[in-house]
Amino acid sequence: MYPQLFAYLDAGSASVIVQALVGGVAGFVVVVKMGGRRFLSFLPFVGKKFRDDPIDHEPTGSNGSAGEDAAEGSDETDLAALLEDAADS
Amino acid sequence: MSDTAEDSRAQPDAGSFRDPLSRVYVADGEIYRTLNEQGLADFVATAKAPFFKSAIQAGRLIGTRVADPVPGGIPESAQVLRHDLVPYVSYPYEWSFSMLRDAALLHLDLIRDGLVDGIITKDGSSYNVQWIGSRPVFIDVGSFEPTRDGEPWFGYRQFCRLFLYPLLLQAHRNLPFQDWLRGSVDGITPEACLAALRRRDLARRGVFSHVYVHARLEQRLADSDEVAADKLKQSGFTTELITANVDKLHRLISGLRWKQANSEWSGYSDRQHYTGDDLDQKRTFVVDAAAKQHRRIIVDLGCNDGEFSEAVLPHADYVVAVDSDPLVVDLLYRRLSEKGEERILPLTMNLADPSPGLGWRSIERKPFLGRQPVDLVLALALVHHLSISNNVPLTDVIAMFADLGGDLVVEFPTPEDPKVQKLLRNKRAGLHDGYTRKNFEEALALEFDVADTLQLDGGTRWLYFATARG
């Protein structure tokens with residue numbers, strides 16, 4: 001399970017899939033791997049292929065490491081100086 | 001009323017509470033943001049990224065410093081930041097089409113630039129953007145976080161609801177999105193957007209994927225317990241796909257246009273109904289009134305082409321130019337934007353039904369009346385519309401101007417005025433017998449002290465400069 005507590009919005013499965021689909025062929029492949037039959041069978045033209053697909057395997061567990069930490073050593077950063085530098089034109 | 005010490009203590013901003021990592025406070029008129037440990041880590045990663053500095057310097061991201069000192073009343077937190085102020089707060093349902101479009105493109109530009117440095121926004125809300133005059137600026141600095149492999153853009157759905165769908169509906173169906181966004185603080189759902197589009201619109205760029213597939217999938221997955229995001233990484237989802245989506249959204253939105261026939265006002269700027277030197281007289285009176293003292297904020301109600309907003313600008317820090325016709329405001333915004341004007345903010349709203357308090361506890365988004373202190377109100381060529389077209393008694397019209405605060409420059413067209421005659425033509429005889437200059441002056445004197453009066457040479461227009469009482 002990903003640390004979704006950092007993203008306070010509900011991802012919405014449909015939105016996740018659409019994002020992938022919009023990405024072109026590579027995205028389409030991702031959606032198929034995720035379980036295309038469930039998600040794509042309603043589409044015109046291509047949907048028929050997924051209605052005819054064999055039954056999916058059981059979903060595997062997620063790889064689930066918590067993801068990389070955000071910037072390490074943040075307490076060592078002089079944030080004030082960083083922001084002053086950004087503000088100076 | 002609270003004493004000075006209380007005023008200095010920070011109060012939480014009613015519009016900032018949904019993100020546990022970051023919260024906005026107001027103290028002494030300044031804006032502060034608290035960050036917890038994770039929020040601070042995310043922000044440091046963002047501030048170190050090259051896109052951050054260039055966005056700040058280009059004025060696309062609100063100026064941000066470490067808060068020093070930290071005012072009283074701000075809870076213990078990992079870090080407190082102070083943001084530059086936006087001169088006047090406004091909301092997407094008060095913007096014209098081109099304003100919403102440019103705000104959307106700004107949001108996408110920042111995501112695109114951020115992705116190069118491994119940073120993305122957590123959300124995609126049009127409330128992340130404010131205006132410095134005609135320049136959009138991204139204010140939700142707490143929204144940035146590092147990308148994580150295999151994670152989607154969590155803000156995509158919100159971006160659709162609060163940016164893309166309103167723009168699509170205005171561009172393709174000529175539906176005024178402002179009413180819709182005002183009615184629904186979270187924006188337009190995929191299902192609602194699809195319902196408002198025609199079958200032929202499915203062939204338009206972006207509609208099939210962002211609207212049709214989105215809506216149908218939502219219906220289909222409504223009862224599912226699956227969380228699609230969990231499977232993304234192992235299915236090969238990469239940040240490149242987010243970039244591809246953002247690029248396509250950018251092209252799509254850049255190409256959207258609002259084609260609209262002339263509104264009843266778009267021919268107003270020739271001002272033919274003013275005779276002879278009347279327009280010059282009017283301008284001189286208005287500018288002299290504005291110049292009586294330096295004004296921080298002037299609100300120009302019924303601004304139309306913005307002529308008077310620009311005329312009074314030398315005597316103000318900022319002018320908020322409001323008109324009920326979104327087309328007129330769009331034209332004004334595009335003209336100001338081309339000039340790079342940063343001290344006039346154009347907004348659209350029905351002045352007989354100004355923006356109310358909205359959202360959580362009805363204060364998450366502030367009402368127009370009383371939103372911020374106003375030093376001067378211009379109400380030119382407006383009173384007859386409110387009183388006759390909207391059937392508002394003159395005393396109530398004046399009361400609304402008083403609600404805004406500040407001094408007032410108001411124009412009263414008499415019943416003999418051709419524009420008033422035109423409005424009265426469709427009304428039952430006798431209905432507006434109370435619409436007289438005598439009644440108007442009495443109403444005005446109830447709330448204001450009249451300092452100066454002028455009858456324009458044409459004879460049917462009277463101007464008043466009145467100061468706020470008490």
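The values are calculated or read from the model by the stated rules, or taken from the named source; none is laboratory data. Just so we're clear, the structure is a prediction, and the values are computed from it rather than from any experiment. Cβ atoms come from the backbone with ideal geometry, glycine included; neighbour counts cover every protein chain shown. The protein model used for the area step is the full one, side chains on, heavy atoms only, and it has no ligands, DNA or RNA in it. Shrake-Rupley method; radii C 1.70, N 1.55, O 1.52, S 1.80 Å.
Could I have the simple spin-label model distance between B:Lys339 and B:Asn390, label points 7 Å from Cα toward Cβ, reported in nm to one decimal? Label at B:Lys339, label at B:Asn390, 2.6 nm between them.
Our helix-only sum for the protein assembly as shown, with -39,500 (n - 2.57) per DSSP H run of n ≥ 4 divided by its residues, gives a mean residue ellipticity at 222 nm of -10500 deg cm²/dmol.
For chain B, the spherically averaged projection of the C-alpha convex hull amounts to 25.2 nm².
Between B:Ser224 and B:Ala352, what FRET efficiency follows from the Cβ-Cβ distance if R0 is 41 Å, with the result rounded to 0.05? Once the sixth-power term is evaluated, E becomes 0.35.
Rounded to the nearest 10 degrees, the angle from helix B:278-290 to the longest Cα principal axis of chain B is 70 degrees.
Evaluated at q = 0.16, 0.20 Å⁻¹, the base-10 log of the normalised Debye intensity for the range B:126-181, with identical point scatterers placed on the Cα atoms, takes the values -0.67, -0.91.
Between B:Gln79 and B:Leu35, the built amide H atoms are under 5 Å apart, and every one of these is 5 or more places off in sequence or on another chain. Highest mean packing first, where packing is the average number of other Cβ atoms within 10 Å per residue, the peptides B:181-189, B:434-442 line up as B:181-189, B:434-442. Expressed as an acute angle from 0 to 90° and rounded to the nearest 10, what is the orientation of the C-alpha long axis of helix B:37-48 relative to the principal long axis of chain B? Approximately 80 degrees, to the nearest ten. Computed with a 1.4 Å probe over protein heavy atoms only, the accessible surface of the range B:269-468 comes to 43 Å² per residue. Over 30 Å between Cα atoms, which of A:Lys48/B:Lys122; B:Lys259/B:Lys282; A:Lys33/B:Lys248; B:Lys366/B:Lys438; A:Lys48/B:Lys233; B:Lys48/B:Lys233 qualify? Where the Cα-Cα span goes over 30 Å, the pairs concerned are A:Lys48/B:Lys122; B:Lys259/B:Lys282; B:Lys366/B:Lys438. In the distance distribution for the range B:320-470, Cα-Cα pairs more than 25 Å apart total 37 percent. Computed over the range B:168-254, the P(r) tail beyond 16 angstrom holds 65 percent of alpha carbon pairs. Counted over the range B:269-468, the DSSP beta bridges are approximately 40% antiparallel. Taking Cα atoms, how many degrees apart are the long axis of helix B:239-254 and the longest axis of chain B, rounded to 10 and kept between 0 and 90? The helix B:239-254 is inclined about 20 degrees to chain B. Only protein heavy atoms count here; on that basis, with a 1.4 Å probe, B:Lys427 has an accessible area of about 50 Å². Per-residue extension of 0.36 nm, minus the Cα-Cα distance of B:Ile363 and B:Arg257, leaves a gain of 34.9 nm for this segment.
Please give the Cα centre distance for the range B:355-428 versus the range B:11-55, rounded to the nearest Å. If you average the Cα positions of each part, the centres end up 37 Å apart.
When a/c reaches 1.5 or more, the comparison of a/b and b/c decides; with that in mind, is the range B:92-254 rounded, prolate or oblate per its Cα gyration tensor? It is oblate, given that a/c is not under 1.5 and a/b is not larger than b/c.
In terms of the Cα gyration tensor, with a ≥ b ≥ c the square roots of its eigenvalues, is the range B:63-121 rounded because a/c is under 1.5, prolate because a/b exceeds b/c, or oblate? In terms of gyration-tensor shape, oblate. The share of C-alpha pairs in the protein assembly as shown whose separation exceeds 43 Å stands at 28 percent. Split the accessible area of chain B by element, probe 1.4 Å, and carbon with sulfur accounts for 47%.
Go through B:Arg157, B:Arg461, B:Arg335, B:Arg199 and list them by solvent-accessible area, largest first, probe radius 1.4 Å.
B:Arg199, B:Arg335, B:Arg157, B:Arg461
DSSP beta bridges confined to chain B are antiparallel in about 65 percent of cases. Across the range B:367-377, coupling constants 3J(HN,Hα) worked out from phi with the 6.51/-1.76/1.60 Karplus curve, θ = phi - 60°, read x, 5, 6, x, 4, 8, x, 10, 8, 8, 10 Hz, and Gly and Pro carry x. For an R0 of 30 angstrom, estimate the FRET efficiency from the Cβ-Cβ distance between A:Val29 and B:Arg199 and round to the nearest 0.05. The computed FRET efficiency comes out at 0.55. Among the protein heavy atoms, those of B:Leu313 account for about 20 Å² of accessible surface (1.4 Å probe, every chain in place). Can you pull the accessible area of B:Ile139 for me, 1.4 Å probe, Å² to the nearest 10? Surface open to solvent at B:Ile139 totals about 50 Å².
Extension gain for B:Arg216-B:Ala429 works out to 71.2 nm (0.36 nm per residue, less the C-alpha to C-alpha distance).
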